[in-house]
Amino acid sequence: MAETFDNQTFGVGNATTGVLLGVPLTNTTTFTGTNAVSGLTGVTIDGAVDQPGSSVQVALNVGGVAQASVAGTYRGFSQSSPTAEPIYYFDTTVAGVGTPVTVAVSAGPVPLLSAAAPIDTSNVTAPDSPLIVCFVTGTRIRTERGEVAVEDLQIGDLAVTASGAHKPIRWIGHRLVEAADHADPLAVWPVRITAGALAMGVPVRDLLVSPDHCLVFDDVLVPAKHLINGATIRQEPVEAVGYWHIELDSHEALLAEGAPAESYRDCGMHAFFEGAEGWGHRVGDKAPVALLAPHALSGPRLHGVKAILIARAKHLGARRVEDPGLQVVADGQVLTPASIDNRRFTFAVPEGTQTLVLRSRSSVPAHWIAENEDRRTLGVRVSELCADGTAVAMADAQLAQGWNAVEPNGQERWTEGEAHLPVCRELSFQADWFLGYPVETVSEPMPVNATVSFAAPVLRLVANG
């Protein structure tokens, strides 16, 4: 299932009803939305959709009569661009209506379509709604009544911002994300910022946020995914995760586990979360909310923040080793090299081998080198690969699973840490590798040569000379 709807309500501007036109067997049909049947009311979807034919429950208003829960069938989606919010289409059969009513919903705007719009009804997996910035269930937010778990917050609670101001919470949204079935798990796995990773006592305990959630440093916003170092700040593989966000009247730096993290900034995405129904009246008539600070997604500002956090991780005990731990594994058996000559490895492969894998430690350059923005997972760099004495081109189709793209010179290719090789009896290749790979995580916090001073409204990083 690529998209899960957990009793999500889509209000005015995010839902419409109409009819499907065309021949379904063509894999491309059209949708005409009129709202003539449903009127301007919300639609609630409950269920997980993967390919067309997936079943859900739908609640909507038809002819002025509320339909609490009717069966719905996922038909397909439309998407104006790869980064746009998908619009999902569901057929429903409701009492008093002779033909199926098609419901269109989206976390983004759904225009009232007076002309037919094409949709994709082919046997393809439904695309995920782009993930927005969120806190993980259990995260404690500082409020006037103390540190409160995000799931226990209430609309009207006064949040204490990093500037010390007390501002009312206007909206709380939440959603369960099925990461195990996501097309790109790295896009949804939470980032764990361990206690003390940003400064002594900041955060006060581990803070988990979505990859795109921004922390506030001095005068910039930095997404958590750009701070990962594999030790004190790392991504956590999970099967499912509950994500929450909090909106104030303005974009602010909340204190989450004592660390400054952005509040939700309204960009028309309330329908991404359960709890969105209270915002239908604001669609299309609310001015864009200004950013509290500019984003630092690349360049010197990002590099400066990373340099201090990497230095802190090292002082906290994060270690790296030069040994790549290179192994060739045949059907689960680690092979001993027949020879090693200046990083050229030769292996004799047992007869009857079915799978041959090149295994090693792996590292992401951007995680440990402040100025580096290469976020590929790199194992070892292979060149001059030969199978049974025959050269294998780096672009060979046999080198698919576990490999990065061929380097620009066409002669080298990085593995991702576990790369499948062509099965042969004699294997040889040249290998090169990083100056360091991450090993065990950090020890208990200890004094470091990087401090953070509190400067309203955010944390200011200061590196001691």
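Some notes on this structure:
- Qualifying residue in segment 434-450 (condition: at pLDDT 90 or above, part of a loop (DSSP other than H, G, I, E, B) and closer than 22 Å to ILE228 by Cα): no
- Selection over segment 390-401 of residues that are modelled with pLDDT under 95 and among the small types (Gly, Ala, Ser) gives a count of 3.
- Cβ pairs under 6 Å, 6+ apart, first in segment 401-412 and in the same structural domain as SER383 (by the TED database), second loosely packed, with under 14 Cβ neighbours inside 10 Å and hydrophobic (A, V, I, L, M, F, W, C): VAL406/ALA395
- Test: residue in segment 337-346 that is on the phi < 0 side of the Ramachandran plot and in contact with a His (Cβ under 6 Å, 6 or more places away or on another chain): no
- Unique residue being part of a loop (DSSP other than H, G, I, E, B), within 30 Å of THR377 (Cβ to Cβ), basic (Lys, Arg) and modelled with pLDDT of 90 or more when the list is ARG234, ARG205: ARG205
- Per-region count, segment 237-263, residues over 23 Å from ARG301 (Cβ atoms) and in a strand (DSSP E or B): 7
- Flag if ILE228 is surrounded by 21 or more Cβ atoms within 10 Å (Cβ to Cβ) and under 15 Å from ALA366 (Cβ atoms): yes
- Within segment 185-202, tally of residues that are among the β-branched types (Val, Ile, Thr) and either in a loop (DSSP other than H, G, I, E, B) or in contact with a His (Cβ under 6 Å, 6 or more places away or on another chain) (or both): 2
The values are calculated or read from the model by the stated rules, or taken from the named source; none is laboratory data. Worth saying up front: this structure is predicted, and the values here are computed from it rather than measured. Cβ sites come from the backbone with ideal geometry, for glycine too, and all protein chains shown count toward neighbours.
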